[in-house]
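Just so it is clear, none of the values below were taken in a lab; they were calculated from the coordinates. Everything numeric in this text was worked out from a predicted model, so none of it was measured. Neighbour counts are summed over all protein chains in view; Cβ atoms, including those assigned to glycine, are modelled from backbone coordinates with ideal geometry.
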Amino acid sequence: MSADNLRRTHYRACHLCEAICGLAIVTEGEEIISIKGDLEDPFSRGYICPKAIAIQDLHSDPDRLHQPQLKTPTGWQSISWDEAFKLASEKLASCQSQHGNDSLAFYAGNPGIHNIGHMIHGVAFSRLLRTRNCFSASSCDQLPQQLIAYWMYGHQFMMPVVDIDHTDFYLIIGANPIVSNGSMMTVPDVKNRLKAIQQRGGRVVVIDPRYTETSAVADEHIFIRPGADAALLLTLMNLIFDEIKCPPEPLEQGSTSGGGFRLAPHLAPHLSGLEEVAQSVQEFTPEAVADYTGLKTEQIRRLAEQLMCAKTSAVYGRMGVSTQTFGSLCQWAVQMLNILTGNLDRVGGTLLTLPAVKAVGAGDRQAGHYGKWHSRVRNLPEFSGELPAAVMAEEITEKGEGQIRALVTSAGNPVLSTPAGHELEKALPSLDFMLSIDPYINETTCHADLILPPASPLVSEHYDLLLNRLAVRNTTRLNPAIFEKKPDERYDWEIFEQLSRGLNEARGITDSQPLPPPVDLIEYWLTQGAYNGSSELRPKVDLETLRSHPHGIDLGALQPSLIERLATDDKKIHCFLAPLQAEIPRLLKAIGDFKRDDALSLIGRRHLRSNNSWMHNSYRLVKGKDRCLLLAHPQDLANHDISGGERVHLVSSVGRITVTVRASEDMMPGVLSLPHGWGHHRSGAKCRIAAQHAGVSFNDLSDSQDLDPVSGTAIFGGIAVSLEKIS
Ligand SMILES: Nc1nc2c(c(=O)[nH]1)N[C@H]1C(S)=C(S)[C@@H](COP(=O)(O)OP(=O)(O)OC[C@H]3O[C@@H](n4cnc5c(=O)[nH]c(N)nc54)[C@H](O)[C@@H]3O)O[C@H]1N2
Ligand SMILES: Nc1nc2c(c(=O)[nH]1)N[C@H]1C(S)=C(S)[C@@H](COP(=O)(O)OP(=O)(O)OC[C@H]3O[C@@H](n4cnc5c(=O)[nH]c(N)nc54)[C@H](O)[C@@H]3O)O[C@H]1N2
Ligand code: SF4
Ligand SMILES: [Mo]
């Protein structure tokens, strides 16, 4: 840490996205001089993207809050931390004592997973609230993946990761890792890793309604109608069960069983329900789904063959197949395909990590639960203590017992990030009290009565608890603080600790034990992990080891370990999932009802220089041409007598926005694409640069009533829209 004005280089992983790239940050006193990729980081090998440099802007942003802010009739007023904690605890406790525990809600946003104190202490705080109304960005994101992991493997975070460095055939469906830098797959330097697949003779295939930046580096791109993926994936399953036969040679490592499918010998005895699965997909043939998916029957057969007959293969599906109408069905099919091709828990297929901190396994408290309670208004099931974020607005506005009257948001911007954010925006002012833990006054936190701003991440020691568990190699590093925290600043975890203490005191609980600081917990969890020195096969990793390896430590390639870690009661992999069975007739009906017409469908888009809603206040990231553009195929524009560059109205069942359109041959005809996280024109927000690059919010068009019915996850892909020319 720099207490003087000497020039120093600090090594630290970037906390902005899941790739955790190693950074070399040069400082002089309190100033950041430069941010570059850390060439000695064994995992990211010097790769960084343009967002990393903006860490500098975020750290020294004049719009960043440093002091608690209280909303008063004359505007925001800085108050002391003591006053703020006292007020917050009183308000939260009195809401619950007057109106019951469920009257207080909590929403946690995405940056929380990049902040160790937020992750551990924020989760503990949410439990302390004893409310059924807990929400997070997960229900706008990866919840289907967690739910399927819980049902199939017994643990919501038992998520096999693509072994990208060894696979021979990589099928990417509904993901754009060249821009997103990977998700639920921590994979820095993904471009070179994809190229390496090709260099060793393998293939990368992308299935997406847009020809993406990832398609551009892949061997093949295939268009698919938004939301039709489940039909394709179930057809691939059926073909593999029934039809596809591979030449004998590549089968050597597995054993063939029944029709075409091949089960890894060590998995076979542990798979339950395969026959029922085979039966349930029988109606999905290439001929039945070709029109609906937009693929040709030969394309579908060839995909099945490639997946099955490549030496190794891996199917990977992310946002595009999670946040859509059949999200849970898609994520189940992804797992099933990896099982049926013999590639689950196999080098070159998909594998669990063996992280340095305690790995997920049987008996873990975070395993999960489903449907223990339901949302009050719409009766949607909770999953692992969370209700869908899409019900927040109605739970605030619909009167009655259990109505939400106070809300805590932390590290989130649900007005821009959750479906029908404009409905939530209208509901927030009716709350009795709202508290936000956030460094900015943005489109959501501007509705708070009190904002508690955490210290900059750069003053905090950090360990990537979750992302090391999702990495494509076993890897570990501890990230030092690079500046000293000022006396009047609070870490996120300290904020949660203080709030917890205040709440306990208000409840008359005086002997509650505070949680230790995050790094003390990491130190303890390292002693419970696979590298605690008890195995001669593995190096010992403790806090001291981490501190003496500032570039991080490579702990080797992923290895099979699923069977010994399975967390299901019967130690089986549950292939047949009863809760998904209603989805199959629903899908068959959608296929049966489908008619080719001129209807338009909207999907999302990410950009390398943007990160959800909260980095548009960095001038270096937003400068240049407008990025919040609607992309449309030239034919669709011509059909509406619209030219590229025109302003148009884009209308859905719940909203209408005005946006500039750009003609793009990259779009599948009939599909439009708009990025999310924009819409900074809203009054109340105080991010000056973002306000000048406002854009429009995608989520003024998405529908909070239309969700993946199984997991309650929002739908951001395949929204029915119409284009209107502005005369
Ligand atoms: N630069 C940048 N990086 C980011 C983020 C960011 O905002 N900016 N956000 C981070 C976060 S929070 C996440 S969760 C990850 C997400 O990581 P990814 O899932 O890799 O990112 P997306 O760009 O959302 O990719 C989804 C893809 O699905 C496609 N798609 C949309 N609808 C459908 C459909 O119905 N079927 C199919 N097959 N495809 C469809 C879209 O065209 C898009 O290419 O990225 C992370 N990284
Ligand atoms: N239409 C559409 N909507 C989407 C998506 C999409 O693809 N399309 N993607 C969805 C996905 S994948 C995600 S993850 C969500 C994201 O949704 P959210 O998490 O709700 O929104 P973010 O834009 O990530 O907002 C992050 C907030 O955290 C604050 N913040 C940053 N760092 C810290 C910190 O260290 N501590 C605290 N306390 N606060 C911090 C920022 O100031 C900002 O207010 O959006 C979802 N919404
Ligand atoms: S890809 Fe960019 S934003 Fe993501 S961790 Fe690496 S440098 Fe940071
Ligand atoms: Mo996300």
Below 8 Å, C-alpha to C-alpha, sequence gap of six or more: please give me the relative contact order for the range 597-725 in percent. 37
Separation of alpha-carbon centers, the range 650-727 and the range 510-580, rounded to whole Å: 40
For the residue pair residue 66 and residue 535, what label-to-label distance in nm results when each label sits 7 Å from Cα along the Cα-to-beta-carbon direction? 4.7
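How high is the FRET efficiency from residue 36 to residue 660, r the C-beta distance, R0 41 Å, rounded to 0.05?
0.70
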Would you mind getting the Kirkwood hydrodynamic radius of the range 404-500 from its Cα pairs, rounded to one decimal in Å? 15.5
Kirkwood Rh and Cα Rg combined as Rg over Rh, evaluated for the range 597-725: 0.97
So if R0 is 56 Å, what FRET efficiency would residue 124 and residue 220 give, r being the distance between their Cβ atoms, rounded to the nearest 0.05? 0.75
Listing 242, 61 by rising number of other beta-carbon atoms within 10 angstrom, fewest first, gives 242, 61
Of the convex hull drawn through the C-alpha atoms of the chain, the volume per residue in Å³ is 157
So what is the relative contact order of the chain, in percent, for Cα pairs below 8 Å that sit 6 or more residues apart? 20
Per residue, what volume in Å³ does the Cα convex hull of the range 3-60 take up? 72
Per 0.36 nm of contour for each residue apart, how much would the distance between residue 195 and residue 570 grow if the chain were fully extended, relative to their Cα-Cα spacing? 130.9 nm
Over what distance in Å are the Cα centres of the range 366-382 and the range 416-440 separated? 22
Taking every DSSP beta bridge with both residues inside the chain, roughly what % is antiparallel (nearest 5)? 55
Rg and Dmax [Cα atoms of the range 110-159; Å; Rg one decimal, Dmax integer]: 12.1, 30
Show log10 I(q)/I(0) for the range 509-599 at q = 0.12 Å⁻¹, two decimals, from a solvent-free Debye sum over equal Cα scatterers. -0.74
If you rank 373, 151, 614 by fewest surrounding Cβ atoms within 10 Å, what's the result? 373, 151, 614
Order these by the 10 Å Cβ neighbour count, fewest first: 70, 6. 6, 70
In Å and from the alpha-carbon atoms only, list the Rg and Dmax of the range 468-621. 24.5, 66
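So how much slack lies between residue 90 and residue 528, counting 0.36 nm per residue of separation and subtracting their Cα-Cα distance, in nm?
153.8 nm
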Quick check: pseudo-label points 7 Å beyond the Cα along Cα→Cβ at residue 688 and residue 705, how many nm apart are they? 4.3
